[in-house]
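One structure is given here, and the rest of the page talks about it.
Derivation of every value follows stated rules applied to the coordinates shown; laboratory data play no part. Keep in mind that what you see is a predicted model, and the values were worked out from it rather than measured. Heads up, the Cβs are rebuilt from the backbone with ideal geometry, glycines too, and the neighbour counts pull from every protein chain shown.
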Amino acid sequence: VIRNATPNFQPTPQQQNAFNIMSWNDLAALDSKLITIGSHTLTHPILTTLIEAEITEELRASRRCLEEKLQRPVDFFCYPNGSYDARIYDAAKTIYRAAVTTECGTVAGNDADLHRLPRIPSAENPALTAWRLHRPEA
C-alpha cells in the first residue's frame, strides 16, 4: 500500500547510508568463494498473491539486477516469508539452481529437493547462531 501511494519515492543518499546494511561495492567486494549472494525477489511481494507473469518477473528481474550490480552469477533464491505454491516452485526451478524455504532443518543425503531446502535460522546473538550450526536439532 505504501509503495503504491509513493511510486516516485527515491531514498536520499543520507537515507541509504543510514539504512542500507551494505553498499553495492561492499557486496561486490565479498569473496565469492566464501560468500554466496542469493535472490529474494525484486520488491519482496508475497508471491502467492501474484499472477504467473508477475512471479516470473520478480524472480528474473531480481536475479538480473544482482548479477548486473555484482558481476557474478546468482544461482540461489529464498522464498519471501517462506510462501510458495506450485507456480512459484516451478518458476524457481526454471530460474535458479536451488531455493531455500523458511522451514528449519538440515539436508541429509543426496535426495534433497534443491528447490525446497530447509535452513538453520540465524539469531541476533552470534553465539546462538553458532550453537544452531553445531546443534541444528536443538
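Along its three principal directions, the equivalent ellipsoid of the stretch 7-61 from the Cα gyration tensor extends over semi-axes of 25, 19, 8 Å, largest first.
The phi-based Karplus calculation (6.51 cos²θ - 1.76 cosθ + 1.60; θ = phi - 60°) puts the 3J(HN,Hα) values of the stretch 79-84 at 5, x, 6, x, 8, 7 Hz, whole numbers, x for Gly and Pro.
Placing +1 on the Cβ of every Lys and Arg and -1 on the Cβ of every Asp and Glu, with no other charges, gives the stretch 2-138 a dipole of roughly 220 debye about its Cα centre. Its relative contact order, with pairs defined as Cα atoms under 8 Å and 6+ residues apart, puts the chain at 17 percent.
Which of I88, I35, I55 moves the most in a Gaussian network model of the chain with Cα springs under 10 Å? Result: I35 has the largest fluctuation of those listed.
Computed over the alpha-carbon pairs of the chain, the distance histogram in 10 Å steps reads 10, 32, 38, 18, 2 percent, short to long.
Count neighbours as other Cβ atoms within 10 Å of each site's Cβ, and list the GluC sites (Glu not before Pro) in the stretch 18-126 that are DSSP loop with at most 12 such neighbours.
Taking the stretch 18-126 and a limit of 12 other Cβ atoms within 10 Å, the loop GluC sites (Glu not before Pro) found are E124.
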